[in-house]
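Taking it in order: structure first as structure tokens, then the write-up.
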DNA sequence: CACTGGAAAATGCCGC
DNA sequence: GCGGCATTTTCCAGTG
């Protein structure tokens, strides 16, 4: 049951306000970082890199090496089954 | 575990092909409808309507149809606690 | 300028309604097909296929063969430059 | 054309590495903040708040801050034409 | 033809 | 553990 339900229609404005503001503050920071990331991609693009591929590289690095290998194998297996290899 | 893992590296090409083709067929149809929608927007634009606003009207109506009031009481209560009402 | 702007605040309700309803009708159909696609993925999963990889296979097939090859080469090139190959 | 295409198959590992690492660093920070946000929601939940509603409150405030009234006149006009006001 | 903004897809999370 | 939902990310069309 929620706080709302458990106290008959009254909520501490201060407590709630604090929570909301903390979240909003964090989301601002997060947005700032997202913007920074975007900037780096833009810069990379300016230097001649292909942003799309760059994203795939980052994603690949994030993946555990073994997992990556496994997925690649399954992928090829499916292509082979479809006669595409 | 995936099919791949469970049968030592072999996949029925026919079954997979059937699945893939069904999906591709459906995606084609879907694309066709997307094109139709785009056509309507284009036509509307030709008649002087603002496509951007049109989209917002559609979105608003969808929200209407769905819930619009779901959880609204609790929501208003929170807004009130924040001094926003 | 939009229709709205060009006729001093009046819009033909019938014409607009027709447009909106046509779009909504099409979007319903589209949603239905999306649901169908989801069903096929669910079924495939039930048969042991890895849905994630399946999506990649579909995407690969959609891509022009040459373009795919090019992207793969660039991808490997980047990995090599990073000492990951 | 990408850097790749323009230099016959070779990419400066150092430059690329720098770019990739900057992005990865930023994404780490971003993830950390996401975790912080999640923590706040968890804490709020522990105090009896409904996380789902909280999210809607935050979203509503964001819309407030942004525009809320952008294009609203045209929008209302269309709604009126549709008999929705 | 690059950029912005909006739609679509994919991923991840939370609940049962 | 799985399905549904919300968020995030990716893609694409419209615009200057």
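With chain C as the region, which helices (runs of 4 or more DSSP H) entirely inside it contain at least 3 residues that are within 16 Å of DNA strand E (Cβ to nearest atom), modelled with pLDDT of 90 or more and surrounded by 14 or more Cβ atoms within 10 Å (Cβ to Cβ)?
Those helices (runs of 4 or more DSSP H) span C:13-46, C:51-62.
Taking the conditions exactly as written (more than 9 Å from every other protein chain (Cβ to nearest Cβ) and within 25 Å of residue B:42 (Cβ to Cβ)), does residue C:29 satisfy them or not?
Spelling it out, it is not the case that residue C:29 is more than 9 Å from every other protein chain (Cβ to nearest Cβ) and within 25 Å of residue B:42 (Cβ to Cβ).
Within the stretch A:44-54, restricting attention to residues that are more than 9 Å from chain D (Cβ to nearest Cβ) and within 12 Å of DNA strand F (Cβ to nearest atom), which residue is farthest from residue D:21 (Cα to Cα)?
Applying the filter and picking the extreme gives A:52.
If I ask for residues that are within 26 Å of residue C:32 (Cβ to Cβ) and in contact with a helix residue (DSSP H, G or I) (Cβ under 8 Å, 6 or more places away or on another chain), which ones from the stretch B:5-31 would you list?
Once the filter is applied, which keeps residues that are within 26 Å of residue C:32 (Cβ to Cβ) and in contact with a helix residue (DSSP H, G or I) (Cβ under 8 Å, 6 or more places away or on another chain), the stretch B:5-31 yields B:16, B:17, B:19, B:20, B:22, B:23, B:24, B:26, B:27, B:29, B:30.
Restricting attention to the stretch D:32-43, which residues are farther than 10 Å from residue A:33 by Cα and within 12 Å of DNA strand F (Cβ to nearest atom)?
Correct list: D:34, D:35, D:36, D:37, D:38, D:41.
The values are calculated or read from the model by the stated rules, or taken from the named source; none is laboratory data. If you're wondering where the values come from, they're calculated on a predicted model, not measured in any experiment. Glycine gets a Cβ as well: all are built from the backbone with ideal geometry, and neighbour counts include every protein chain shown.
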